[in-house]
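Engineer: So that we are looking at the same thing, I have put the structure below in C-alpha cells.
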Amino acid sequence: MKRQKRFEKLEKRPVHLDGFVKEWDDEGLVAMEGKNDPKPSVKVENGVVTELDGKKKADFDLIDKYIAEYGFNIDKAEEVMAMDSTKIAKMLVDPNVSRSEIVKLTTAMTPAKAEEVISKLNFGEMIMAVQKMRPRRTPATQCHITNTRDNPVEIAADAAEASLRGFPEQETTTAIARYAPLNAISIMVGSQTGRPGVITQCSVEESEELSLGMRGFTAYAETISVYGTDRVFTDGDDTPWSKGFLASCYASRGLKMRFTSGAGSEVMMGYTEGKSMLYLEARCIFITKGSGVQGLQNGGVSCIGIPGAVPSGLREVLGENLLCMMIDVECASGCDQAFSHSDIRRTERMIGQFIAGTDYISSGYAAEENRDNTFAGSNMDVLDYDDYCSMERDLSINGGIVPIHEEDAIKIRNKGAKAIQAVFDGLGLPKITDEEVEAATYGSNSDDMPKRDMVQDMKAAQDLMDRGTTISDVIKALYDHDFKDVAEAVLKLAQQKVCGDYLQTSAIFDGDWNCISAVNDTNDYMGPGTGYRLWEDKPQWDKIKDIPWAMDPQHMDF
C-alpha cells in the first residue's frame, strides 16, 4: 500500500509509543459507567445497612461489609440516595452552593451513587468542582527524592534544594531495601536544612516503614495500599480491617499517614469483577473514609498507564480525585508516575489538577532527574522546573513550587550535603568525603557522584537499627558538628509528633512551624472573588513572578 506522507510522519510522533486499548467491560478495561457496574441503592433497618448497591447483607463481601459499617453516614443515606444525581452534580459546580453543604450529601452516598454523580460531569466541570471541593484553601504539592545508587549525599542535597523550591512534603524510597534507614535520615536532614517544617517519608515494606517512623526518621507515610475488590486484598494477606489497624498504629505515634489507591490497580492484578475503574476506586475511597484516615493518594498513581490507555481515562482520574475531596479527606492527586512519551499528554495528565489546585497537585514530582527516580519515573521532573514555573507565572496559579536562583541552589545543596556528612560522622557511619559533598553540590544525577562502598553502607544501616539509633542521636550529631539550626529544626519536627496537630486533614507546616490544614485554612471558594487567589498571596506571587530568566526592561543595555 502506498503511504500518505503526513500519516507516515504522524506515526513517528512520540504519542505513538504510548499504549492505547479499546474498552472491554468484562475485564475492567473501562474508565467509568461500565455495563456491569451496580445501580445505586441502600436500605437501612434499625441502624444497620441491609442493602448496598444492589446487594443484600447476606451477600456482602469484605469491602461491602466494611463500607456498610464505617464508610458513609447512614442516618442521611436514604434521603441522599433518593436525590437526582444530576442535581447533586450541578451543586458541585454551582458557586452559590458551599462546600460544607455538599459534603453533608456526598458523605452519605454509596460507592455506586458517587460514581453516578461523578459521571455526570465533563472535564471542565470537574475542574470547577475540584477548585471548590479540595479541603485546604491553599494548594501545595509533594516531591520524590531518590537516586539509583541510594547515595545519601545526593539525597540530602536534592532534599535541601526541593525544600527551598517550596515542596512541603518529600518522599523517598530505595533501590536496595536495606538502605531504608540511611535514605530516611538523609531526606529528613536535607529537607530541614532547606526549610524547617518540611515533612518526609520513606516508602518501603509496611512494618519497616512503621519502624522508621517510630524511631523518628520519618514524619508521615502514604504507601498503605487499599483495593476495590476483596480478591486483591486477600491475595496480599490484607483486609480493610488490617489496613485500618495499621493506620491507627501510625496515628497513635503522632505520624501523619494517607492510604494509596488509584484506578487500574485491580485491572493490573487481574481481579476487577468486571467493574469499571471509577466504581472500584470509589470503593477504595470509602474504605479510606471508613478507616478514619486523613487522606488518600489517588489518581491512577503507579497504574496510570491503564486508565491512560482507555477512552475517558484521564477524565476518570480527575474524577476519582474529586470524589476523594467530596467525602472530605485530603487528596494527594497523583500526577506522579510517568505514563507517556508525549510532552503534550504529560501536560494533559496534570492540567486539571494544576488549574483547579488540590491539596497536593502531585504526589510525587521528581525532584531528581527521572533517570534517578526509583519510583519508576514521574510525570514531571527537575528538568521541567522552568516550564512548570513559567506555567504558574503565565496563568497566575500556585502550583506549589517557586523558581530559585542558581547561587541559592548551590549554597543550600552544599549545606545539605555537609549536614548529612556531619550526621554520618556523629553516628559512626561510613565516611562521607569532601569530594562527595562537592559533587552533590554541583552535580545533577548519580553519574556525577563518586561511587560509595554500598556493601559497607548496607552493613552500617543494619548496625544502626541494631543499636537502637533514634532521632535523638541525629539531633545530637548535628548539634555537636555545629549545625545547630538544622538540629533545632529536626528537634521541632520530633516535637510535632508529640503535639499531633498535623494529624488533621490536609495538614502541612510553614517555615515557622505553623500547622496549616483544612481546619484553620478551610477552602471557602464560592465563585469569582472568593477562595484562594495567588495574586492576593503577595509573598508567593512575588516569588513566582521572579523567574531568573526574565529580562528587566528598566535595566537593559541596548
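Engineer: Step by step: first the residues of the stretch 95-114, then only those that are part of a loop (DSSP other than H, G, I, E, B) and among the β-branched types (V, I, T), then the one that is nearest to A82 (Cα to Cα). Which residue is that? Talk me through it step by step, then tell me what you get.
Structural biologist: At the first step, the residues of the stretch 95-114 found to be part of a loop (DSSP other than H, G, I, E, B) are 95-98, 107-110.
Going one step further and asking which of them are among the β-branched types (V, I, T), we end up with 97, 107, 110.
Details: V97: 19, T107: 14, T110: 12 Å.
Across the stretch 95-114, the extreme among qualifying residues is T110.
Engineer: Determine, yes or no, whether Q540 is open to solvent by 60 Å² or more (accessible area, probe 1.4 Å) and more than 25 Å from V97 (Cα to Cα). Write out each step before concluding.
Structural biologist: Numbers: open to solvent by 60 Å² or more (accessible area, probe 1.4 Å): no; more than 25 Å from V97 (Cα to Cα): yes.
Here the answer is no, as Q540 does not meet what is asked.
Engineer: Across the stretch 453-481, which residue is farthest from Q192 (Cα to Cα) among those that are surrounded by 13 or more Cβ atoms within 10 Å (Cβ to Cβ) and among the basic types (K, R)?
Structural biologist: Looking at the filtered set, the residue picked out is K459.
Engineer: Can you list residue pairs whose Cβ atoms sit under 9 Å apart, with the first residue in the stretch 229-247 being under 15 Å from E69 (Cβ atoms) and the second being open to solvent by 30 Å² or more (accessible area, probe 1.4 Å) and of a type in the set (D, E, K, R)? Count only pairs 6 or more apart in sequence or on different chains.
Structural biologist: T239/D230; P240/K65; P240/D230
Engineer: Have a look at L280, L383 and point out the one that is crowded, with 23+ Cβ neighbours inside 10 Å and either outside any loop (DSSP other than H, G, I, E, B) or out of contact with any helix residue (DSSP H, G or I) (no Cβ under 9 Å at 6 or more places or on another chain) (or both).
Structural biologist: One residue alone meets the criteria, L280.
Engineer: So for the stretch 394-405 (the condition being closer than 20 Å to A487 by Cα, modelled with pLDDT of 95 or more and among the aliphatic types (A, V, I, L, M)), does at least one residue qualify?
Structural biologist: Looking for residues that are closer than 20 Å to A487 by Cα, modelled with pLDDT of 95 or more and among the aliphatic types (A, V, I, L, M), one finds none in the stretch 394-405, hence no.
Engineer: Please verify whether G270 is buried (at least 19 other Cβ atoms within 10 Å of the Cβ) and small (G, A, S), treating the condition exactly as stated.
Structural biologist: Against the criterion (buried (at least 19 other Cβ atoms within 10 Å of the Cβ) and small (G, A, S)), G270 does not qualify.
Engineer: Against the definition (of a type in the set (G, A, S) and touching a strand residue (DSSP E or B) at 6+ places or on another chain (Cβ under 9 Å)), how does G334 come out, yes or no?
Structural biologist: Values: of a type in the set (G, A, S): yes; touching a strand residue (DSSP E or B) at 6+ places or on another chain (Cβ under 9 Å): yes.
For G334, the condition - of a type in the set (G, A, S) and touching a strand residue (DSSP E or B) at 6+ places or on another chain (Cβ under 9 Å) - is met.
Engineer: Being in contact with a Lys or Arg (Cβ under 7 Å, 6 or more places away or on another chain), at pLDDT 95 or above and not hydrophobic (A, V, I, L, M, F, W, C), is that true of even one residue in the stretch 471-494?
Structural biologist: So the first thing to find is which residues in the stretch 471-494 are in contact with a Lys or Arg (Cβ under 7 Å, 6 or more places away or on another chain), and the list is 471.
Applying the additional criterion that residues be at pLDDT 95 or above yields 471.
Pick out the ones that are also not hydrophobic (A, V, I, L, M, F, W, C) and you get none.
Checked against the condition, which is being in contact with a Lys or Arg (Cβ under 7 Å, 6 or more places away or on another chain), at pLDDT 95 or above and not hydrophobic (A, V, I, L, M, F, W, C), the stretch 471-494 yields no hits at all.
Engineer: Identify, by number, the condition in (1) in contact with a helix residue (DSSP H, G or I) (Cβ under 6 Å, 6 or more places away or on another chain); (2) surrounded by 13 or more Cβ atoms within 10 Å (Cβ to Cβ) that S396 doesn't meet.
Structural biologist: Every condition holds for S396 apart from (2).
Engineer: All but one of (1) open to solvent by 20 Å² or more (accessible area, probe 1.4 Å); (2) out of contact with any helix residue (DSSP H, G or I) (no Cβ under 6 Å at 6 or more places or on another chain); (3) assigned to a helix (DSSP H, G or I) hold for F424; state the number of the condition that does not hold.
Structural biologist: Condition (1) is where F424 drops out.
Engineer: Where in the stretch 115-229 are there helices (runs of 4 or more DSSP H), lying fully within it, with 2 or more residues that are within 28 Å of A494 (Cβ to Cβ) and open to solvent by less than 10 Å² (accessible area, probe 1.4 Å)?
Structural biologist: Fully inside the stretch 115-229 and qualifying: 152-165, 180-194, 206-214.
Engineer: It is to be established whether one or more residues within the stretch 292-308 are in a loop (DSSP other than H, G, I, E, B), in contact with a helix residue (DSSP H, G or I) (Cβ under 6 Å, 6 or more places away or on another chain) and among the aliphatic types (A, V, I, L, M).
Structural biologist: Yes - at least one qualifying residue is present in the stretch 292-308.
Engineer: Follow-up question, since we're still on this one. Out of the stretch 298-330, which residues are open to solvent by 10 Å² or more (accessible area, probe 1.4 Å), more than 18 Å from T110 (Cβ to Cβ) and either touching a Lys or Arg at 6+ places or on another chain (Cβ under 7 Å) or among the charged types (D, E, K, R) (or both)?
Structural biologist: Residues satisfying the conditions are L314, R315.
The values are calculated or read from the model by the stated rules, or taken from the named source; none is laboratory data. None of these values were measured; they are calculated from a predicted model. Backbone-built Cβ (ideal geometry, glycine too); neighbour counts: all protein chains shown. Heavy atoms of the whole protein, side chains included, go into the accessibility calculation; ligands, DNA and RNA do not. Shrake-Rupley method; radii C 1.70, N 1.55, O 1.52, S 1.80 Å.
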